[in-house]
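One structure is given below, encoded as structure tokens.
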Amino acid sequence: MLSVAARALDALAERGASLAVAESLTGGLVAGALTGVPGASRVFRGSVTAYATELKRDVLGVDGPLLDARGAVDAEVARQMARGVTRVLRAHWGIATTGVAGPDPQDGRPVGTVFVAADGPGGAGGVLRLTLEGGRDRIRRETVAAALRLLVSQLTENAAAQDTEQRGEF
């Protein structure tokens, strides 16, 4: 996991970009993976662990009616969490995790249902739905890895698209 965190931080540093993290089910594990990399402070701004639904709304700015209608375990909630943490912590990129690690279902979603999101400049970003198996610890670890891989892929794809645009190719 450390290597994907290091790759994410290196890719951000190459672009002069910063990162913030919004976490729910991972409870700080994404931030821990990032800060475990020496030199993380060059790009990592911080994190918000919004475990409670009202914190997603009140701190990160997730739409209240959306939360009421769909609950916290939702693709659009993850997207809004990622966007909100970039605003709150003044970062170029944000990643977010929300889902059900267990032991019980939540918001009508079974254990192992997870959404990870990335949000970046100019509308860059994306959301992944994961259906994970195993115990609570395994689900949380796999979620961290997926969130970091999503960020790396977004940074890589975004850089490739920008390079193509600068050369006038499509």
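FYI, it's all coordinate maths here, none of it is from the lab. This is a predicted model, so every value here is computed, not measured. Positions of Cβ are backbone-derived with ideal geometry, glycine not excepted, and every protein chain shown enters the neighbour counts.
Run the quick spin-label model on Ala17 and Thr35: label points 7 Å from Cα toward the beta carbon, then report their separation in nm to one decimal.
Going by the 7 Å Cα→Cβ label model, 2.3 nm.
Suppose we flag GluC sites (Glu not before Pro) only when DSSP calls them loop and at most 11 other Cβ atoms lie within 10 Å. Which is the longest uninterrupted stretch of the chain? All intermediate terms of the calculation are to be shown ahead of the outcome.
Values: sites that count: Glu133, Glu169.
Value returned for the longest uninterrupted segment is 1-132.
So which DSSP H runs in the chain come out at 15 Å plus along the axis (Cα) with average Kyte-Doolittle of at least 0.5?
TM-like helix candidates: 2-15.
On alpha-carbon atoms, Rg over Rh for the range 14-162 using Kirkwood Rh?
Values: Rg = 14.3 Å, Rh = 15.0 Å.
Here Rg/Rh amounts to 0.95.
For every helix of n ≥ 4 consecutive DSSP H residues, a contribution of -39,500 (n - 2.57) applies; sum these over the chain, divide by its total residues, and give [θ] at 222 nm rounded to the nearest 500 deg cm²/dmol.
Using -39500 (n - 2.57) per qualifying helix, the result is -15000 deg cm²/dmol.
Within the chain, what's the longest stretch lacking trypsin sites (Lys or Arg not before Pro) that sit in DSSP loops with no more than 14 other Cβ atoms inside 10 Å?
1-89
Please report the base-10 log of the normalised intensity I(q)/I(0) for the range 26-103, using a Debye sum with one equal scatterer per alpha carbon and no solvent, at each q in 0.19 (1/Å).
Relative scattering, expressed as log10 I(q)/I(0), comes to -0.79.
Determine the dipole magnitude for the chain: charges of +1 sit on the beta-carbon of Lys and Arg, -1 on that of Asp and Glu, nothing else is charged, the reference point is the Cα centre, and the result goes in debye to the nearest 20.
Value, rounded to 20: 320 debye.
Picking from Gln80, Ala146, Ala8, whose Cα lies most toward the positive end of the charge dipole for the chain (charges on Cβ: Lys, Arg +1; Asp, Glu -1)?
Ala8
Along the charge dipole of the chain, which of Pro105, Val43, Thr156 sits closest to the positive end, that is, farthest toward it, with unit charges on the beta carbon of Lys, Arg, Asp and Glu (+1, +1, -1, -1)?
Value computed over the given set: Val43.
Calculate how many DSSP beta bridges within the chain are antiparallel, expressed in % of all such bridges and rounded to the nearest 5. Provide the component values of the computation, followed by the final result.
Working: 14 of 24 bridges.
That works out to approximately 60 percent antiparallel.
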